Structures are given as C-alpha cells and as structure tokens.
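*Asks:* If you scroll down you'll find the structure; I have some questions about it.
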Amino acid sequence: MNTLRLRLALVAALLAGTTIAPVRAQDSAAPHSKAITAALQPFVEKHALAGAVTLVADKDKVLSLDAVGYMDVGAKKPMRTDALFWIASQSKSITATAFMILVDEGKVKLDDPVEKYLPEFKDLKLAAKKDAEAKKPAHPITVREVLSHTSGLPFASPAEKPTLDALPLKDAVKSYATVGLQFEPGTKYSYSNAGINTAGRIIEVVSGMPYEEFLDKRLFAPLGMKDTTFWPNDEQLTRLAKSYKPDAAKTGLEEITVGQLQYPLNDHSKRYPMPAGGLFSTAEDVGKFCQLVLNGGTFHGKKILSKEAVADMTHKQTAEGVKDQYGLGWSTGGGFGHGGAFATNMSVDPKRGLIYVFLVQHAGFPADGGKSQGAFRKAADEEFATAKK
C-alpha cells in the first residue's frame with residue numbers, strides 16, 4: 001500500500017469512528033505471522049501498547065518478522081518492521097560477546113585481575129562502613145566478575161550525571177575506581193552498569209582501538225548488523241520508535257524521551273558510547289546477533305567465536321551460593337537472553353532451537369500491556385515450537 005492510500009485509509013477509519021489494524025510501512029522478505037499480530041493487536045486497540053516489532057528465528061533463518069501498532073501514536077504513524085529501538089541493557093550481551101573475541105585470541109583471560117589492564121583499579125577497597133576504616137577486598141576484582149555483576153562495583157558512579165552517556169568511556173571507568181566496592185568480589189550479585197562499562201574499556205586497552213570501532217569491525221560488520229549504533233543517523237532517526245509511559249490515569253499512553261540519554265541522539269560531540277546500555281538496533285539486527293550465539297559462535301559459515309566462549313557466556317557464572325543466574329553479559333537459566341530498560345527483550349531457547357525478539361519502547365505499561373510480551377511468546381510457541389519437536 002503506497003503512502004497516499006495509507007493516509008486515506010487512516011482518515012476514512014477516523015471519520016467512520018472505527019479501528020483498523022495498522023498497515024506495515026515496510027515490507028520485508030521475511031514471512032509474517034498472522035497469529036502473532038492477532039495476539040498483540042488487542043493490546044494496541046486498548047491503548048495498553050503503542051506498538052511492537054517481533055521476530056522469531058532458528059539458527060539459519062527468520063521464521064517471522066512482524067510489526068503491530070504505531071511507532072508514533074499521536075501521528076498515527078504505523079510501526080514498521082525496520083523500526084529502530086533503544087535496546088538499552090541488551091547492549092550488555094553485545095559487549096560481552098565482543099569481549100569474548102579477545103578471550104578467544106588469548107589477549108585477555110577471564111580470571112585476570114582488572115587492574116592488570118586498568119591500573120587505576122589497583123588498591124581498590126571495600127566501601128567504608130560508619131566509623132570504620134576502608135579495607136582491601138580478599139582478592140582484586142576480576143574480568144569474570146565485572147562481566148557477571150559480581151565484582152562489587154556500583155550500578156553507576158556519582159560522576160555519571162545527568163545522563164549515563166555524558167562521559168567518555170575512559171573517564172566513566174576511572175570514576176568507578178574512586179568508589180568503594182559494595183561487597184567482597186564474587187560473593188554476591190548486584191546488577192552493575194559500571195562492571196560492563198569497565199569490560200568495554202578493557203576492550204579498548206587490549207585491542208588498541210576505540211570500543212565502538214571494535215564492535216563495528218569485529219562484530220557488526222561480519223554479522224551485517226547495519227542498523228546497530230550508539231548514534232542513529234538522520235535516516236535512522238526517521239525510523240526511531242517513540243517512547244511511552246502510562247498516562248496519569250494509567251489508562252492510556254504518554255509520550256516521553258529517554259531520560260538516561262542526552263539529546264540530540266546523533267550528537268557525537270556530547271554523547272559517548274555506553275557499553276552497558278547505549279545501543280540502538282532493529283529486530284533483524286538483534287536476530288542476527290542471537291543466531292550467532294545459538295550457532296555456537298558461527299554465523300552463515302563465518303566463525304566469530306569459539307563454542308567454548310559461547311558456553312562461558314550463556315551458562316551461570318555467579319558463585320554456587322548465589323541464587324541469581326547470570327553468565328557473562330547474559331541472563332541464564334532455562335535458555336539465555338537479556339532485556340532492556342524500555343521493555344525490549346531477546347531470548348534464546350537452545351532446546352527448541354528458537355530465538356524470540358520483542359522490541360517495544362515502554363517505560364511501564366497501562367492496563368494489561370505488560371502481558372504483551374507473554375502473548376507474543378505464547379503465539380510464537382504455538383506456531384513454531386510445535387514444528388520444532
């Protein structure tokens with residue numbers, strides 16, 4: 001359907017007081033799933049979900065790619081399958097995967113102390129309790145611990161204000177070394193942007209190139225992830241899905257910006273790469289990334305990682321006494337994956353051989369919108385998981 005016909009259809013529907021299913025603004029060669037769109041459309045019609053792009057894939061091909069709802073609710077701009085989303089903490093998995101390339105090459109070891117690569121972390125101490133002297137930890141924090149949220153580093157440092165992308169990576173990581181550890185390394189799990197950002201800085205030191213350049217050359221280009229970036233360009237910004245939160249009445253949607261990031265998003269002079277949560281991407285790009293990992297480090301015949309590196313990332317790395325199941329940059333337990341702050345999610349089920357990508361831009365949902373991801377997964381399993389048995 002061309003642009004004029006699309007506009008006329010929307011106007012006619014508004015005048016008639018009826019609701020129509022949004023038309024995809026971009027056709028893809030990937031197959032579509034009527035069952036998945038049917039499962040999500042009611043959430044859009046109840047104003048509990050602005051819009052979503054979903055993808056289901058196996059290790060070789062995309063099984064379905066669908067768009068429902070709107071990328072701009074106010075303008076009634078239909079969601080499109082190549083819409084761009086801030087994937088937030090899904091960036092952690094991408095950073096860890098890039099890091100493991102260096103592990104495979106023998107340039108860094110998981111049980112090395114961080115201070116071996118970043119001297120500013122020498123003499124790091126536990127945060128002093130009231131009226132007590134700061135003590136040294138039992139052992140220096142290790143690479144494995146910063147990648148698994150068990151280092152004791154805080155979520156962020158006081159210097160990372162007003163947004164999380166306001167400091168060059170080198171400076172942000174230096175600021176972590178001035179803050180005491182929250183606990184003895186390895187003994188607890190505490191979700192930490194600081195830890196993953198520290199791993200990103202080690203990539204720079206070991207590889208001799210900027211972190212974002214390493215990602216582009218060693219991961220994004222080989223995988224064909226052409227839309228994954230910290231700085232959306234002008235064309236990509238036209239495909240950026242707007243962000244929403246529940247309105248005051250909790251019955252509808254209110255448009256917002258991403259408070260964790262500086263605007264304009266394409267400003268290279270004031271915005272810096274954040275390994276723990278700064279990336280923007282599309283469902284197809286995220287799907288390719290997940291295919292790499294589901295395939296044990298190989299993508300379309302190209303070996304990027306070893307099977308051993310993938311196994312390390314996607315299996316529990318938290319200590320035996322720690323109940324939280326986290327690998328190296330990946331959530332684990334019954335498969336593996338990662339979510340993002342605005343409700344994006346990628347999940348890999350190795351037993352079924354399936355990948356599920358769910359991209360939305362929601363800082364919370366009104367009504368039952370939070371059930372939309374579950375509805376997607378249920379519809380996807382009914383259509384594709386049975387076929388895999």
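Please treat every number below as a calculation from the coordinates, not as lab data. Please read these numbers as outputs of a predicted model, since none were measured by experiment. Positions of Cβ are backbone-derived with ideal geometry, glycine not excepted, and every protein chain shown enters the neighbour counts.
*Asks:* Just want the answer: with Cβ charges of +1 for Lys and Arg and -1 for Asp and Glu, which residue in SER148, PRO222, PRO246 is farthest toward the dipole's positive end in the chain?
*Replies:* Sorting the options by dipole projection puts first PRO246.
*Asks:* Explain nothing, just the number: dipole magnitude of the stretch 91-213 about its Cα centre with +1 on each Lys and Arg Cβ and -1 on each Asp and Glu Cβ, in debye rounded to the nearest 20.
*Replies:* On the way: 16 positive and 17 negative charges, 85 e Å.
Dipole magnitude for the stretch 91-213 comes out near 400 debye.
*Asks:* Return the single residue from SER190, SER151, SER331 with maximal mean-square fluctuation; model: Gaussian network over the chain, springs between Cα atoms under 10 Å.
*Replies:* Ranking SER190, SER151, SER331 by mean-square fluctuation puts SER190 first.
*Asks:* Here's something else I'd like to know. If you build a Gaussian network model of the chain, linking Cα atoms that sit under 10 Å apart, which residue out of ALA283, ALA35, ALA194 swings the most?
*Replies:* The residue with the greatest mean-square fluctuation here is ALA35.
*Asks:* Let me ask another. Add -39500 (n - 2.57) for each DSSP H run of 4 or more in the chain, then divide by its residues: what number comes out at 222 nm, to the nearest 500 deg cm²/dmol? Mind dumping the intermediate values first?
*Replies:* Working: 11 runs with 107 residues, N = 389.
That comes out to -8000 deg cm²/dmol.
*Asks:* Based on the Cβ-Cβ distance of ALA138 and TYR191, what FRET efficiency does E = 1/(1 + (r/R0)^6) give at R0 = 30 Å, to the nearest 0.05?
*Replies:* For ALA138 and TYR191, the calculated efficiency is 0.85.
*Asks:* Rounded to the nearest 0.05, what FRET efficiency do LYS351 and SER269 have when you use their Cβ-Cβ distance and R0 = 51 Å?
*Replies:* Working: r = 47 Å, r/R0 = 0.92.
Plugging the Cβ-Cβ distance into 1/(1 + (r/R0)^6) gives 0.60.
*Asks:* Separate question: Give the residue from ILE202, PHE183, MET100 lying farthest towards the positive end of the charge dipole for the stretch 91-213; charges sit on Cβ (+1 for Lys and Arg, -1 for Asp and Glu) and the dipole is referred to the Cα centre.
*Replies:* Most positive-ward Cα: PHE183.
*Asks:* Tell me which aspartates and glutamates have Cα within less than 18 Å of LYS378's Cα, excluding those fewer than 8 residues away on the same chain?
*Replies:* Straight-line reach from LYS378, under 18 Å: ASP58, ASP66, ASP349, ASP368.
*Asks:* Which of the peptides 291-303, 226-238, 343-355, 48-60 is most tightly packed, and how do the rest follow, going by the mean number of other Cβ atoms within 10 Å of each residue?
*Replies:* Ranked by mean Cβ neighbours within 10 Å, highest first: 48-60, 343-355, 291-303, 226-238.
*Asks:* Next up: Over the Cα atoms, compute the radius of gyration (one decimal) and Dmax (the largest Cα-Cα distance, rounded to a whole number) for the chain, in Å.
*Replies:* Gyration radius and largest Cα-Cα distance of the chain: 21.5, 73 Å.
*Asks:* State, to one decimal in nm, how far the label point of VAL205 lies from the label point of LYS250, with both points 7 Å from Cα in the Cβ direction.
*Replies:* Using points 7 Å along Cα→Cβ, the separation is 4.7 nm.
*Asks:* Moving on. Order by neighbour count: HIS315, HIS139, HIS149, fewest other Cβ atoms within 10 Å first, most last.
*Replies:* Starting with the residue having the fewest Cβ neighbours, the order is HIS139, HIS315, HIS149.
*Asks:* Given labels modelled 7 Å from the Cα in the Cβ direction, how far is it in nm from ASP60 to ASP171?
*Replies:* For ASP60 paired with ASP171, the spin-label model returns 5.1 nm.
*Asks:* Between ALA363 and ASP216, take the C-beta separation as r, use R0 = 25 Å, and let me know the FRET efficiency to the nearest 0.05. Walk me through the numbers before you get to the answer.
*Replies:* Numbers: r = 29 Å, r/R0 = 1.15.
Given R0 = 25 Å and the Cβ-Cβ separation, E is 0.30.
*Asks:* Going by Cα centres, the stretch 310-358 and the stretch 46-89 are how many Å apart?
*Replies:* So the two Cα centres are separated by 22 Å.
*Asks:* With only Lys, Arg, Asp and Glu charged, each at its Cβ (+1 for the first two, -1 for the last two), find how big the charge dipole of the stretch 55-108 is about the Cα centre; round to the nearest 20 debye. Can you show the working numbers first?
*Replies:* Numbers: 7 positive and 7 negative charges, 42 e Å.
Its charge dipole is roughly 200 debye.
*Asks:* By Kyte-Doolittle mean hydropathy of at least 1.0 and Cα axial length of at least 15 Å, which whole DSSP H helices of the chain are selected? Display every interim value, and only then the final one.
*Replies:* Numbers: long enough: 3-16 (20 Å, 1.75); 34-45 (16 Å, 0.62); 90-104 (22 Å, 0.76); 193-207 (21 Å, 0.55); 283-294 (16 Å, 0.69).
Qualifying helices, which must be both long enough and hydrophobic enough, are 3-16.
*Asks:* Something else about it: Binning every alpha carbon pair distance of the stretch 130-269 at 10 Å from zero, what are the percents per bin?
*Replies:* The distribution over the stretch 130-269 is 10, 29, 32, 20, 8, 1, given as percents.
*Asks:* Let me ask something else. Any idea which of GLN373, SER91, ALA309 is furthest toward the positive side of the dipole for the chain, if Lys and Arg beta-carbons carry +1 and Asp and Glu beta-carbons -1?
*Replies:* GLN373
*Asks:* Please arrange TYR326, TYR117 by counting, for each residue, the other beta carbons lying within 10 Å of its beta carbon, fewest first. Walk me through the intermediate numbers first.
*Replies:* Values: TYR326 23, TYR117 19.
In order of increasing Cβ crowding within 10 Å: TYR117, TYR326.
*Asks:* Let me ask something additional. Please report how many Lys pairs in the stretch 91-213 have alpha carbons closer than 17 angstrom, counting only residues at least 8 apart along the chain or sitting on separate chains.
*Replies:* For the stretch 91-213, the number of qualifying lysine pairs is 16.
*Asks:* Eigenvalues of the Cα gyration tensor times 5, then square-rooted: what semi-axes does that give for the stretch 236-389, in whole angstrom, largest first?
*Replies:* The three semi-axes for the stretch 236-389 are 29, 21, 17 Å.
*Asks:* Can you put HIS32, HIS362, HIS268 in order of Cβ neighbours within 10 angstrom, beginning with the fewest?
*Replies:* Details: HIS32 15, HIS362 26, HIS268 9.
So the ranking, lowest neighbour count to highest, is HIS268, HIS32, HIS362.
*Asks:* So what does the Cα-only Debye profile of the stretch 91-213 read at q = 0.09, 0.17 Å⁻¹, as log10 I(q)/I(0), no solvent term?
*Replies:* -0.23, -0.81
*Asks:* Quick check for me: using +1 on Lys/Arg Cβ and -1 on Asp/Glu Cβ, what's the dipole size of the chain about its Cα centre, in debye to the nearest 20?
*Replies:* 460 debye
*Asks:* Could you check the simple spin-label distance between ALA75 and LYS125, using points 7 Å along Cα→Cβ, in nm with one decimal?
*Replies:* Here the modelled spin labels are 5.5 nm apart.
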